[in-house]
Amino acid sequence: MGLPQIILVPGLLNDAELWRDQLEGLRGAARPVVADITKGETLRELAQAVLDIGEERFALAGFSLGGIVAQEVMRIAPERISHLALLDTTMLPDDAARMQERQRIIALAEVPGSFLGLGERLLRSYFAEQHLENHEMIERVREMTRRLGPEVLIRQSRIDRPDGRADLVRITCPTLVLCGREDVITPPSLHLALASSIPGAWLKILPESGHLTPIEQPEAVTEELIRLLKH
């Protein structure tokens, strides 16, 4: 039997660079492929982009916005997913404050010359405090931000975040829920509720990590994905 395919779905303003360490670390345990969610206008379109590159049956890992996309994939075609990992993500819809914040980000991104400054402000909320001076990590995120640009930020920020809570109980494949202990964007308490709602799911909280676990704790993320694939 050949190695299973695993599709890795990046988050907001992320591309394959987010998963660089996992792409290398998973070889030998799986055939990793990174999805592109930079082009669709709706959550359904982003989920379909994932399904289009997937084999008849595949494992799926989604980070942040990619985790929201992964949940949509589970609503569309659960029979095609053998294993699921939801990293630093949410199943909740935007509340009024979060919707207002997204509108503010969109408005700022539309102002010529303001995008890189906006990206710098967002970047500070991504990392655990001990990584805020890690220039290699920070530069990886800056490069993705520059490469993808304001159009992708605006398009992805306009994607509707639905209330996925009622659908979680229908997930039956082996499921890993993972986050950083210092994630202030999608905190551990949210992931505890997420894991508790999925039958048989297990929760892994990584120390010394904020929101960007694939970059901040790459070996631990890879180890947990390999553990998932063995179920």
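None of the figures in this text is laboratory data; all of them are computed from the coordinates on show. On a predicted model such as this, the values are computed, not experimentally measured, just so you know. So basically every Cβ, Gly included, is an ideal-geometry build from the backbone, and we count neighbours across all protein chains shown.
Yes or no, residue by residue, for (1) free of Cβ contacts under 8 Å to residues at least 40 places away in the same chain; (2) in contact with an Asp or Glu (Cβ under 8 Å, 6 or more places away or on another chain); (3) in a loop (DSSP other than H, G, I, E, B):
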position	(1), (2), (3)
M137	no, yes, no
L190	no, no, no
P199	yes, no, yes
G210	no, yes, yes
P214	no, yes, no
V221	no, yes, no
L228	no, no, no
Task: Residue count for segment 41-66, restricted to those that are out of contact with any strand residue (DSSP E or B) (no Cβ under 7 Å at 6 or more places or on another chain), surrounded by fewer than 24 Cβ atoms within 10 Å (Cβ to Cβ) and not hydrophobic (A, V, I, L, M, F, W, C) - done: 7
Open item on the list: Looking at G66 and the list (1) among the small types (G, A, S); (2) in a loop (DSSP other than H, G, I, E, B); (3) touching a residue at least 24 places away in the same chain (Cβ under 8 Å), which single condition is not satisfied?
Closed with: (2)
Open item on the list: Which of the numbered conditions does G2 fail, given that it passes all the others? Conditions: (1) farther than 23 Å from G164 by Cα; (2) touching a Leu at 6+ places or on another chain (Cβ under 9 Å).
Closed with: (2)
TODO: Could you list all residues from segment 36-89 that are of a type in the set (G, A, S) and within 23 Å of G180 (Cβ to Cβ)?
DONE: A59, A61, G62, S64, G66, G67, A70, A85
TODO: Sort through L176, L148 and tell me the only one that's in a helix (DSSP H, G or I), under 21 Å from D88 (Cβ atoms) and in contact (Cβ under 8 Å) with a residue 24 or more places away in the chain.
DONE: L148
TODO: Consider R31 carefully, then state whether it is over 13 Å from the mean Cα position of the chain (by Cα), within 23 Å of Y126 (Cα to Cα) and among the basic types (K, R).
DONE: no
Open item on the list: Of everything in segment 116-130, what is part of a loop (DSSP other than H, G, I, E, B) and surrounded by 17 or more Cβ atoms within 10 Å (Cβ to Cβ)? Give them in sequence order.
Closed with: Y126, F127, A128
Open item on the list: Can you tell me which condition E208 does not meet? The list is (1) buried (at least 17 other Cβ atoms within 10 Å of the Cβ); (2) of a type in the set (D, E); (3) closer than 19 Å to Q22 by Cβ, and all the others hold.
Closed with: (1)
